[in-house]
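Just so you know, all these numbers are worked out from the coordinates, no wet-lab data involved. Predicted, not measured: the structure shown is a model, and the values here were computed from it. Cβ placement follows ideal geometry from the backbone for every residue including glycine, while neighbour counts extend to all protein chains displayed.
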Amino acid sequence: MLTVPEFAKRKKNQEKISMITCYDSSFARILAESPIDVLLVGDSSSMVMQGEDSTIQATPESIAFFTRSVARGSGGRKFLVADMPFLSTRKGLRHAVNCAETLLKAGAHSIKIEGVRGNEKLIHHLVESGIPVMAHLGLTPQFVNAFGGMKVQAKTPNEQERLLEESRMAERCGAFALVLECVPSGIANRITRELSIPTIGIGAGPGTDGQVLVLQDMLGFNPEFRPKFLRTYLDGKSLILDAFASFHEDVKTLQFPTEQESYPQ
Ligand code: KIV
């Protein structure tokens, strides 16, 4: 299992980091047998698993529920990151620490926080308390309303300077890694060069120290969702529909179950 000190070593040795979201124990069991480095219990669980239209609806309880399932499935074989959900970092230090504690006790090895500005003291405090923090900048989906939609961020030189400064701030506060979501490759590369902690990109081009994708998206479960940055590695929806249709057909035509699939008297 990858450990926190090994993230920096990976960067130093130019070994890329792979991260995939995971919200349940069945997929965690499969991922535990894969070479994937990191499992992220993201707040995208509110959309992917709970059918909500944004990540705003995720709660400490829902993230803890999914984290516990993933921790059981992966059985200590993968490094787990759990998201601090919407506003959990903005209701005072005690609230945030309690939330992080809940997530670590559910099985996470670290937490991820969207936005660094305004969270500096908290990140520092968590890190000093033994709770590793992964920062997340760029298109931070919890800010969807402030951004006016899910849009590529940091397009202008001023916005890029601000992003670079906030990335440096993440490192200064003690974050061990930084997710960069939907930002132009040029600024992602510059941040990656300037920081000693690894960057993990999603829609941030090939130059970051690692890449992350949402499991259901990369497996093609939702082919209607096709952002530019997404590569699908399986035609999941068609394969699953074929399996359901085959089962349905076998039931209708009495081909399932056979005697071999039944218990004798
Ligand atoms: O919740 C999530 O899935 C994420 C990734 C997109 C980085 O935060």
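Some values worked out for this structure:
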quantity: Isotropic mean projected area of the C-alpha convex hull, the chain (nm²); calculated: 16.6 nm²
quantity: Candidate aspartates and glutamates for bridging to Lys105, where Cα separation is under 15 Å - those fewer than 8 sequence places away on the same chain excluded; calculated: Glu61, Asp83
quantity: Theoretical FRET efficiency, 1/(1+(r/R0)^6), r = Cβ-Cβ of Phe225 and Ser129, R0 45 Å, to 0.05; calculated: 0.75
quantity: Distance between modelled label sites at Asn158 and Arg94, nm, 7 Å Cα→Cβ extension; calculated: 4.0 nm
quantity: Set Lys16/Lys237; Lys12/Lys155; Lys12/Lys112; Lys151/Lys228 screened for pairs whose C-alpha atoms are more than 19 Å apart; calculated: Lys16/Lys237; Lys12/Lys155; Lys12/Lys112
quantity: Neighbour count of at most 13 Cβ within 10 Å plus DSSP loop: longest GluC sites (Glu not before Pro)-free window in the chain; calculated: 34-223
quantity: Interchain or long-range residues, amide H under 5 Å from Cys22's placed H; calculated: Leu40, Val41, Gly42
quantity: Only Lys, Arg (+1) and Asp, Glu (-1) charged, at Cβ; the chain dipole about Cα centre in debye; calculated: 960 debye
quantity: Net length gained if the chain between Leu239 and Arg190 were fully extended (0.36 nm per residue, minus Cα distance); calculated: 13.6 nm
quantity: Theoretical gain in end-to-end length, Glu120 to Gln57 [0.36 nm per residue, Cα-Cα removed]; calculated: 20.3 nm
quantity: Inter-centroid distance (Cα atoms) of region 126-168 relative to region 1-75, Å; calculated: 19 Å
quantity: Mean shadow area of region 66-153 over all directions, Cα convex hull, nm²; calculated: 6.1 nm²
